[in-house]
Each structure stands twice: as structure tokens, then as C-alpha cells.
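Undergrad: Handing you this structure, nothing more for now.
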Amino acid sequence: MTFTEEWFGPGSCLDLAGLVEDVEDVPGLIIEIGSWEGRSTIAIANACRPRVVHAVDTWKGSAGEPSEVLAARRDVFATWQANITEQTAGNVQAHRCDWRFYLESLNRADPPTVAFVFIDAEHDFQSVYDCIAAVRPFMAEGGIICGDDIHHPPVISAVFESFPDEPIQQLGPIWARRL
Ligand SMILES: C[S@@+](CC[C@H](N)C(=O)[O-])C[C@H]1O[C@@H](n2cnc3c(N)ncnc32)[C@H](O)[C@@H]1O
């Protein structure tokens with residue numbers, strides 16, 4: 001098991017698992033956007049099994065962020081694959097692409113329902129805002145949209161502009177909105 005960066009700590013893994021357990025009775029896809037070496041993927045997969053986690057990541061890092069430089073130096077996807085093999089029951093499907101492409105592909109199919117989405121890709125306002133807007137039409141009643149890094153000002157702004165006058169749950173750095 002290899003985790004090089006400490007971007008998602010044990011407390012966040014527990015909080016994320018708790019949110020996933022909250023959608024146990026909600027039908028639909030379980031999606032993660034931004035997996036890196038798999039810390040959050042593993043937390044979600046082990047909380048929702050035997051349901052499948054759809055892990056969406058370019059594994060190229062986030063444009064203009066330190067992860068982009070790191071990803072150019074090593075094979076982050078290979079590390080993610082090894083960690084998933086070792087730490088999960090295999091209930092994970094990788095989608096190695098931009099989340100925009102993945103969510104558009106949902107549009108082209110029969111619109112599927114999404115029970116849970118965890119957003120942890122780029123951290124700029126527009127990307128977070130656009131990601132929430134793109135996934136929201138697919139959300140099931142009782143489903144959860146959540147993400148990491150609520151302490152980061154562009155992320156806070158995007159979340160609060162996406163859900164004006166709606167309660168946002170905060171669990172450490174994780175934000176969550178139940179629909
Ligand atoms: C902060 S890391 C995710 C950390 C991860 N959740 C964890 O538990 O360690 C951000 C990830 O988002 C991915 N990413 C950035 N922009 C993306 C995009 N447009 N589409 C898909 N993945 C993207 C990066 O490749 C990177 O793996």
C-alpha cells in the first residue's frame with residue numbers, strides 16, 4: 001500500500017464512510033470525482049460494498065495545482081490501482097477521463113440516478129461550481145453531493161453559490177448537501 005501525499009486523513013475517511021452509509025437505501029450510482037492514490041476511493045468502496053464506486057480521475061493532477069507537477073513525475077494511476085486491489089473487495093470501476101466527459105456520457109445514456117457523489121478534483125471556483133451543476137440533475141431524492149476542502153475560499157464560494165439558502169453540513173474539511 002502506497003500513499004505518498006497526505007491529502008485525505010483518517011478522520012476524513014471515517015466521515016466520508018459515514019456519509020456513504022447514509023445513502024444505503026437510496027438507489028443509484030456512487031461516484032467519486034478525484035481519486036489520486038485512492039484514500040477516499042477506499043473509504044467509499046468499503047463503506048458501500050457490494051455496490052460499485054465509479055472513480056473518475058484523469059490521474060494527471062489538477063491543472064495549475066501542485067498535483068499536476070507530481071503526476072508528471074510518476075504513475076499515480078498505477079499506485080491507485082495497486083492500492084485498490086490491496087484495500088478493497090474490488091467493487092471499484094475506474095473512469096480515466098475528465099469529469100466533464102464522464103458526466104456528459106451520463107447525459108447520453110438513459111439518465112441514471114446518482115445516489116452519492118464526492119467531489120475532490122480541481123479547487124478553483126468555476127470547476128467546483130460547474131461540477132455541482134453538472135451532477136445535480138442526476139441526483140436521486142435523498143442522495144448526497146459532497147466534497148473536500150471547504151476551508152479553501154474558492155470551494156466555499158462555489159458550494160454556497162450552488163446551494164443558496166440551503167443547509168450545508170460540514171464534517172472537518174468535508175462539505176455535504178443531502179437532496
Ligand atoms: C486532491 S486530488 C484527490 C485526492 C483524493 N480524493 C484522495 O483521497 O487522496 C485531486 C484529483 O483530481 C484529479 N482531477 C483534477 N482535475 C480533474 C478533472 N478535470 N477530471 C478528472 N479528474 C481530475 C487529479 O488528477 C487528482 O487525482
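Undergrad: Using per-residue counts of other Cβ atoms within 10 Å, averaged over each peptide, order 163-175, 125-137 from highest down. It would help to have the intermediate numbers written out before the result.
TA: Details: 163-175: 14.1, 125-137: 17.5.
Top of the packing list down: 125-137, 163-175.
Undergrad: Still on this model: Amide H to amide H under 5 Å from residue 95: which residues, 5+ apart in sequence or cross-chain, H placed 1.01 Å off N in plane?
TA: Hits under the 5 Å cutoff: 55, 56, 57.
Undergrad: Given H placed on each backbone N at 1.01 Å, which residues far from residue 31 in sequence or on other chains put an amide H within less than 5 Å of it?
TA: So residue 31 has HN proximity to 54, 116, 117, 118.
Undergrad: Just to check I understand the Karplus step: with θ = phi - 60° and J = 6.51 cos²θ - 1.76 cosθ + 1.60, what whole-Hz values come out for region 24-41, glycine and proline as x?
TA: The phi angles translate into 3, 9, 9, x, x, 6, 10, 10, 10, 10, x, 10, 6, 8, x, 4, 5, 4 Hz.
Undergrad: Over the chain, with a Gaussian network built from C-alpha contacts below 10 Å, which listed residue (57, 75, 120) shows the highest mean-square fluctuation?
TA: Greatest mean-square fluctuation among the candidates belongs to 75.
Undergrad: Still on this model: Only Lys, Arg, Asp and Glu count, each charged at its Cβ (+1, +1, -1, -1), so figure out the dipole size of region 10-178 about its Cα centre, rounded to 20 debye. Each step should come with its number before you reach the end.
TA: Details: 12 positive and 25 negative charges, 88 e Å.
The calculation lands at about 420 debye.
Undergrad: Per residue of region 98-103, what does 6.51 cos²θ - 1.76 cosθ + 1.60 with θ = phi - 60° give for ³J(HN,Hα)? Whole Hz please, x for Gly and Pro, Karplus curve as stated.
TA: Whole-Hz 3J(HN,Hα) from phi for region 98-103: 5, 4, 4, 5, 4, 5.
Undergrad: Further, regarding this structure: If I take every Cα pair under 8 Å that is 6 or more residues apart in the chain, average their sequence separation and divide by the length, what percent do I get for the relative contact order?
TA: Relative contact order, the chain: 24 percent.
Undergrad: Enumerate by residue number the trypsin sites (Lys or Arg not before Pro) in region 50-118 meeting two conditions: DSSP loop (anything except H, G, I, E, B), and at most 16 other Cβ atoms within 10 Å of the site's Cβ.
TA: Working: sites: 51, 60, 73, 74, 96, 100, 108; in loops: 51, 60, 74, 96.
Taking region 50-118 and a limit of 16 other Cβ atoms within 10 Å, the loop trypsin sites (Lys or Arg not before Pro) found are 60, 74, 96.
Undergrad: If you plug each phi of region 9-14 into the Karplus form 6.51 cos²θ - 1.76 cosθ + 1.60 with θ = phi - 60°, what whole-Hz ³J(HN,Hα) values come out, in order, with x for Gly and Pro?
TA: So the J values, rounded to whole Hz, are x, x, x, 5, 4, 5.
Undergrad: Mind checking region 1-45 for chymotrypsin sites (Phe, Trp or Tyr not before Pro) that DSSP puts in a loop (not H, G, I, E or B) and that have at most 14 other Cβ atoms within 10 Å? Working shown, then result.
TA: On the way: sites: 3, 7, 8, 36; in loops: 3, 7, 8, 36.
Those satisfying the criteria are 3.
Undergrad: Sticking with this one: Shape of region 10-178 from its Cα gyration tensor (a ≥ b ≥ c, root eigenvalues): rounded if a/c is under 1.5, otherwise prolate when a/b > b/c, or oblate?
TA: Note, shape of region 10-178 comes out rounded.
The numbers here are math on the coordinates, done by the rules we state, and not lab data. It should be emphasised that the depicted structure is a prediction, and the values quoted were computed from it without experimental measurement. Please note: Cβ atoms are built from the backbone with ideal geometry, for glycine as well, and neighbour counts cover all protein chains shown.
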